[in-house]
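Notes follow the structure.
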């Protein structure tokens, strides 16, 4: 990012692009975890695109092509989950570094295929190219709306509880390559009408929560003492972060962030019986209160320190 | 491609991947210009993915980001046309080289947006990343089936005429960056029930025709004297090719190759009244006859010399 006149921020670039594209006819357009197309006589189609690149989202020489292929599909399944959608299939575009052996390509495909089978999300087609480029895998996944239709980032209301579907932080220790996209959890929540708004935590709670808040037109307060910290946080780079800081800023947790009304006990028990636990992390507030972190009774602004894909850095991923 | 045991050929890699993914539930699965998903209570959804990369599909420092963005969408519209589909929208994943100015990104978006407007194919969403990588643009486009449903590469029959929608060759002189995807032409053909099989010519007639023939289980004979040669062929690299060789092998023509019954005069006139001209280039034969080129009464095998995306070369594009 060399244009000093523009904010050094992925969201500003994306917002600029959305404005340049102009009005759209979709049920849900750019700017959410998924888009949704109205289709005559049928449910909407939910679609999402995520690209993973060697050196940014994985390190090929460390993880190998199978893990890279698998992650490429998993991150998209996580977006479908955020929309409360049921996976239908995916398209994939691959750029292979020149000289890639056929066997490495086959293992990449195997990684995608195993995730495709496990999550009932088969490959519909794609495109393969060779270039003087790092391994790049672009996936567009399709889904059909789940029991609540298309769940978006909009819809959170002041007074809502903010919860996550699992502990956060330390994903870089390895979990980011082979996580469980919360497809099943999202559908369990949607069957009970729980989510007012939902998104997946890919860039860290401190960067993703403001996105949900902005789309919903609300503020939010994170209760530092409540945030569930993953055991990986203790052994993850970079050193010098407290466990809570890992949980707030690391990113690639791929848990769902859910805004919802306080859960009735019966609902909580029914969800737990299905293995779905919502960990409360805070509350939705009026927009004017901004995004705040409360620790030990003291509130401070919660500044985004997760990964920024345009700046190509975040204190979490690349210190 | 370093594994000498495998054929040095894009199609072999793709076929291997399709086999590894296993059975699929789609109306049309991997291996055609587009895939098609059955949707309950609605038309199928037609989807296609094409990735363009700096140094392979365009040279950024020569063409600029606007042309790159535009081409990324046009090549996908060309695939929708090949399926006789009506564009609905697209998703885009972008990898920007580190240090890309915001202004270059905006121009890339403008290039896509102008094509999106012209072809009524709005952006539904996407993903932006920065990496130590050449500019890479992955587009997945959606469409609804046109008047003949989903037209595929299968369906050509011995005795069919093979036609193209415009002259071939020399696209590298510049046309490959700003061509007219044959969406309108495809729909005009489909309204009259013309295509038995159809595909777009992206890798050159000599490489693409065998793909259509293989999917249809037929052979084909190209009449060298009939092939319409584009005026650009005379001024396109590499030197030393005859105009006919340019037309057969260069690739990136993005005209449609159509297998169809001989046209009734009334149909031909009606098409021409809409500005759609089918140029006959040959005939579909029995599979056993292979893919042949007939020039001046002498037949020879027509060897693929178009661009191979896995080998990363073709005598057309990178001599």
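Being in contact (Cβ under 8 Å) with a residue 60 or more places away in the chain and touching a strand residue (DSSP E or B) at 6+ places or on another chain (Cβ under 9 Å) holds for only one residue in A:126, A:204, A:217, and it is A:204.
When the criteria are applied in full, residue A:141 fails the requirement of being more than 9 Å from every other protein chain (Cβ to nearest Cβ), touching a helix residue (DSSP H, G or I) at 6+ places or on another chain (Cβ under 6 Å) and more than 20 Å from residue B:39 (Cβ to Cβ).
Residues in the range B:15-36 that are outside any helix (DSSP H, G or I) and surrounded by fewer than 21 Cβ atoms within 10 Å (Cβ to Cβ): B:22, B:23, B:24, B:25, B:26, B:27, B:29, B:30, B:31.
Just wondering, is there one or more residues in the range B:110-118 that are more than 27 Å from residue B:83 (Cβ to Cβ), surrounded by fewer than 21 Cβ atoms within 10 Å (Cβ to Cβ) and facing another protein chain (nearest Cβ under 8 Å)? Yes: the range B:110-118 contains one or more residues that are more than 27 Å from residue B:83 (Cβ to Cβ), surrounded by fewer than 21 Cβ atoms within 10 Å (Cβ to Cβ) and facing another protein chain (nearest Cβ under 8 Å). Filtering the range A:261-291 to residues that are surrounded by 17 or more Cβ atoms within 10 Å (Cβ to Cβ) and out of contact with any strand residue (DSSP E or B) (no Cβ under 6 Å at 6 or more places or on another chain) leaves A:263, A:267, A:271, A:276. Given the condition free of Cβ contacts under 8 Å to residues at least 60 places away in the same chain, more than 17 Å from residue A:140 (Cβ to Cβ), assigned to a helix (DSSP H, G or I) and under 19 Å from the mean Cα position of the chain (by Cα), answer yes or no: does some residue in the range B:108-117 qualify? For the range B:108-117, residues free of Cβ contacts under 8 Å to residues at least 60 places away in the same chain, more than 17 Å from residue A:140 (Cβ to Cβ), assigned to a helix (DSSP H, G or I) and under 19 Å from the mean Cα position of the chain (by Cα): present.
Go through the residues of the range A:62-85 one by one and say whether even a single one is modelled with pLDDT of 95 or more, in contact with a strand residue (DSSP E or B) (Cβ under 7 Å, 6 or more places away or on another chain), assigned to a loop (DSSP other than H, G, I, E, B) and more than 8 Å from every other protein chain (Cβ to nearest Cβ). Among the residues of the range A:62-85, at least one is modelled with pLDDT of 95 or more, in contact with a strand residue (DSSP E or B) (Cβ under 7 Å, 6 or more places away or on another chain), assigned to a loop (DSSP other than H, G, I, E, B) and more than 8 Å from every other protein chain (Cβ to nearest Cβ), which makes the answer yes.
Across the range A:121-134, which residue is nearest to the other protein chains (Cβ to nearest Cβ) among those that are crowded, with 24+ Cβ neighbours inside 10 Å and not in a strand (DSSP E or B)? If we take residues in the range A:121-134 being crowded, with 24+ Cβ neighbours inside 10 Å and not in a strand (DSSP E or B), then A:133 is nearest to the other protein chains (Cβ to nearest Cβ). Reported count of residues in the range B:136-151, each being surrounded by 24 or more Cβ atoms within 10 Å (Cβ to Cβ) and part of a loop (DSSP other than H, G, I, E, B), is 1. Residues in the range B:93-107 that are outside any helix (DSSP H, G or I), more than 7 Å from every other protein chain (Cβ to nearest Cβ) and within 19 Å of residue B:74 (Cβ to Cβ): B:94 alone. So which residues in the range B:35-44 are at the interface with chain A (Cβ under 7 Å from one of its Cβ atoms) and under 29 Å from residue B:12 (Cβ atoms), if there are any at all? Answer for the range B:35-44, where residues must be at the interface with chain A (Cβ under 7 Å from one of its Cβ atoms) and under 29 Å from residue B:12 (Cβ atoms): B:35, B:37.
Put simply, of A:229, A:183, A:258 the only residue that is closer than 22 Å to residue A:299 by Cα, surrounded by 22 or more Cβ atoms within 10 Å (Cβ to Cβ) and in contact with a helix residue (DSSP H, G or I) (Cβ under 9 Å, 6 or more places away or on another chain) is A:258.
The values are calculated or read from the model by the stated rules, or taken from the named source; none is laboratory data. Note that the structure is predicted; figures quoted are calculated from it, not measured. In this analysis, Cβ positions are derived from the backbone assuming ideal geometry, glycine residues included, and neighbour counts consider all displayed protein chains.
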